[in-house]
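The values are calculated or read from the model by the stated rules, or taken from the named source; none is laboratory data. Computed from a predicted model, the values in this text were never measured in an experiment. Every residue, glycine as well, gets a Cβ built from its backbone with ideal geometry; the counts of neighbours run over all protein chains shown. Areas reflect the complete protein model, heavy atoms only, side chains present, ligands, DNA and RNA absent. Shrake-Rupley method; radii C 1.70, N 1.55, O 1.52, S 1.80 Å.
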Amino acid sequence: MTFTPDNELDLFFPPALISEEVKAQLHSSLHIRPLASTDYRRGHLDVLRVLTVTPDPGQAAWETQFHAMRSAPHTYYPLVIVDKASDVIVAVGCVFIERKFLRGLGSVGHIEDIAVDKGQQGKKLGLRVIQALTYISENSGCYKTILNCSDDNIPFYQKCGFEKKENEMAKYK
Ligand code: ACO
């Protein structure tokens, strides 16, 4: 597939929300942008499979989920890094903005579902995804940006400027 520029895509959120500084630091063979409504066929789920169990719901159900998430304005900011030569996604991540009653009606950014294609790991793509998501969170007025991760990934997030704080609790159904 040939690379599709932003102006030919139906994007999840305005691309202007992505940090110019992060864009400038990416290799010229790569492009960072919001998730697009046609990204099912660019391997979006294949990259998420690097992170966890990701069954294929089929293109129609994937698109329904895309539109359902986008219908909650100013809430989800999923982004991707695309390899321009193949027009395939090589890294993904999302920040979810949670509005609160406390802290003067403050908001918190939750970074979720970070994954980099196995063949592309160790090239700072994960770092760029986190920097771009943190920029969106901070520009959305969030007083903090948080995430959960395994012990193995603590050094990666420390390199991204995060520090360990409190504990995660979970109850799976
Ligand atoms: N242990 C120690 N250091 C690490 C690790 C690690 N596991 N991973 C990355 N780093 C370091 C790198 O060496 C680099 O350091 P440097 O600046 O000194 O060179 C720095 O962190 C930045 O690394 P990147 O190259 O940006 O890392 P990468 O692109 O490989 O992305 C990621 C890291 C996202 C963890 C990737 O390896 C991945 O997709 N792993 C599988 C899925 C996963 O675990 N995702 C995170 C789940 S947590 C969440 O989603 C909130």
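Values as computed for the structure displayed
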| quantity | calculated |
| --- | --- |
| Cβ pairs under 8 Å, 6+ apart, first in region 59-71 and free of Cβ contacts under 8 Å to residues at least 12 places away in the same chain, second open to solvent by 50 Å² or more (accessible area, probe 1.4 Å) | Q65/P57 |
| Odd one out for D6, checked against (1) of a type in the set (D, E, K, R); (2) open to solvent by 40 Å² or more (accessible area, probe 1.4 Å); (3) out of contact with any Ser or Thr (no Cβ under 6 Å at 6 or more places or on another chain); (4) closer than 24 Å to T134 by Cα | (2) |
| Looking only at region 25-65, and only at residues there that are among the acidic types (D, E) and not in a loop (DSSP other than H, G, I, E, B), the one that is surrounded by the most Cβ atoms within 10 Å (Cβ to Cβ) | D39 |
| Where a residue in region 6-21 is modelled with pLDDT of 95 or more and its partner, wherever it lies, is part of a loop (DSSP other than H, G, I, E, B) and of a type in the set (S, T, N, Q), with Cβ under 7 Å and at least six apart | L9/T38; D10/S37 |
| Residue ID - nearest to the ligand (Cβ to nearest atom), chosen from residues in region 118-160 that are over 19 Å from L51 (Cα atoms), in a loop (DSSP other than H, G, I, E, B) and open to solvent by less than 70 Å² (accessible area, probe 1.4 Å) | C142 |
| Residue among V50, V88, V92 that is in contact with a Gly (Cβ under 7 Å, 6 or more places away or on another chain) and modelled with pLDDT of 95 or more | V88 |
| Any hit, region 80-94, residues being free of Cβ contacts under 8 Å to residues at least 24 places away in the same chain and either outside any loop (DSSP other than H, G, I, E, B) or over 27 Å from C160 (Cβ atoms) (or both) | no |
